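Coordinate-derived values only; no laboratory data. Keep in mind the model is a prediction, meaning the values are calculated, not measured. Note that we place each Cβ from the backbone using ideal geometry, even for glycine, and neighbour counts take in every protein chain shown.
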Amino acid sequence: MAKIDAFFKLMLEQNASDLHMVSGQQPVLRIRGEMERIQYKTLDSDELRAMLYEIAPEDKIKIFEETGDMDFGYEVPGIARFRCNFFMQKYGIGSVFRLIPSEIMTIDQLGLPSICKKFAMLHKGLVLVTGPTGSGKSTTLAAIIDHSNKNRKDHIITIEDPIEFVHASRGCIINHREVGTHTRSFSAALRGALREDPDIILVGEMRDVETIQLALEAASTGHLVFATLHTTSATKTVDRVIDVFPAHQQAQIRTTLSESLKGVIAQNLFKRADRKGRCACVEVLVCTYAVANLIRENKTHQLASSMQTGRKIGMQTLDDAILDLLMKKWISPEDAYDKATDKDKFKPFLREVPPDF
């Protein structure tokens, strides 16, 4: 048993999402979104390096020593999997570990909109799950893939860096591929996937133009593609996909995206006000004929109004989703105001309106 495994057990006991171990500081846990120090000695750089290298594969250590950054997946049998990141900083080596539960929660258990089940059963197209870092994108995608796995008989390929949630093949055959271990890059894996008879492809992150272009091609040629982006709303997601391309290609990409995009799930995590824990607040865009027209005609600023009028088919804006949680008293008025787009809508719920910057 590696020495660091004791800290991973503590993570599980404290229900922490992340563990920070950095030279020159005490270890820190992120619990319900807040940082809490562990009562442990200040970490020495050499001691911490030895502790971290004990669990890292040799090829990853080599990459880290050459570049100063490195990601990999690590599993403690019977406890959980962890997404590990090593980095160099002013006082020596540093690391962050994200807990990946061994049990995959369902769409219902996570309280996600029922439209997510429909996305999981699509036969082709592109579905994007977006949000800031640490907003639960991987957990949402895992629940959607789990629903497909239980209710379809298809071939699913996941491409991640590193592999996070591990799915056992049920109705579907699932192959997990890790960038840097099983394939050179997201784009190389995507290019290869098209020759591997896939029905569903999960792309852990659309990082560059080539990966986005290949994902769009896969979605438009009869595959169902799920992917993530670091954007904060459905509208910004559509704009981001188009804006990464050179100006002379953007008209063509708008047309391709309008035809292949099936939905966008943009989410954020809120601290629960009624009990311990956090809850997801989700904005949903469904690519109807009207939405496709807005994308094609470069009128994405009108997508918010389409989401407001499309509630019957599962669409909702972030502000409406926040208001629903506030009415249930799951979140505080202060948090609702802080993360809302239209802040005026939430001012009546505040005891005191904070000053504007």
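Points to keep in mind about this one:
- Cβ crowding within 10 Å averaged over residues, with 231-239, 30-38, 108-116 ranked highest first: 231-239, 108-116, 30-38
- In the chain, helices alone account for a calculated mean residue ellipticity at 222 nm of -10000 deg cm²/dmol, with every DSSP H run of four or more residues adding -39,500 (n - 2.57).
- Neighbourhood net charge (12 Å Cβ-Cβ; Lys/Arg +1, Asp/Glu -1) for residue 126: 0
- Segment 5-100: relative contact order in percent, alpha carbon pairs under 8 Å with at least 6 residues between: 27 percent
- Computed over the chain, relative contact order equals 12 percent, with contacts defined as Cα pairs under 8 Å that lie 6+ residues apart.
- Which of 64, 51, 40, positive extreme of dipole for segment 5-100 (C-beta unit charges): 40
- Electrostatic dipole magnitude of the chain [Cβ: Lys, Arg +1; Asp, Glu -1; Cα centre; debye, to 20]: 1080 debye
- Stretching the chain fully between residue 347 and residue 195 yields a gain of 49.3 nm (0.36 nm per residue, less the alpha carbon separation).
- Dipole magnitude (debye, nearest 20) for segment 117-192, charges at Cβ of Lys, Arg, Asp, Glu: 380 debye
- Extreme residue, positive dipole direction of the chain, given options 325, 181, 140 (C-beta unit charges): 325
- Largest GNM mean-square fluctuation among 12, 126, 141, using the chain with Cα springs under 10 Å: 12.
- Summing +1 for each Lys or Arg and -1 for each Asp or Glu among the other residues whose beta-carbon sits under 11 angstrom from that of residue 26 gives +1.
- Cα lying deepest toward the dipole's positive end in the chain, options 149, 279, 306, charges on Cβ: 306
- Loop-located GluC sites (Glu not before Pro) in segment 188-273 (DSSP state other than H, G, I, E, B) with a sparse environment of at most 14 neighbouring Cβ atoms within 10 Å: 196.
- Projecting label points 7 angstrom from Cα along Cα→Cβ for residue 249 and residue 173 puts them 3.2 nm apart.
- Charge tally in the Cβ shell below 15 Å around residue 115, where Lys, Arg are +1 and Asp, Glu are -1, residue 115 excluded: +1
- Relative to one another, the C-alpha centroids of segment 107-121 and segment 161-211 are positioned 22 Å apart.
- Where labels lie 7 Å past Cα in the beta-carbon direction, separation of residue 338 and residue 302 in nm: 3.6 nm
- Arranged from fewest to most other beta-carbon atoms within 10 Å of their beta carbon, 209, 22, 282 become 209, 22, 282.
- Span from the segment 275-309 Cα centroid across to the segment 17-95 one, whole angstrom: 38 Å
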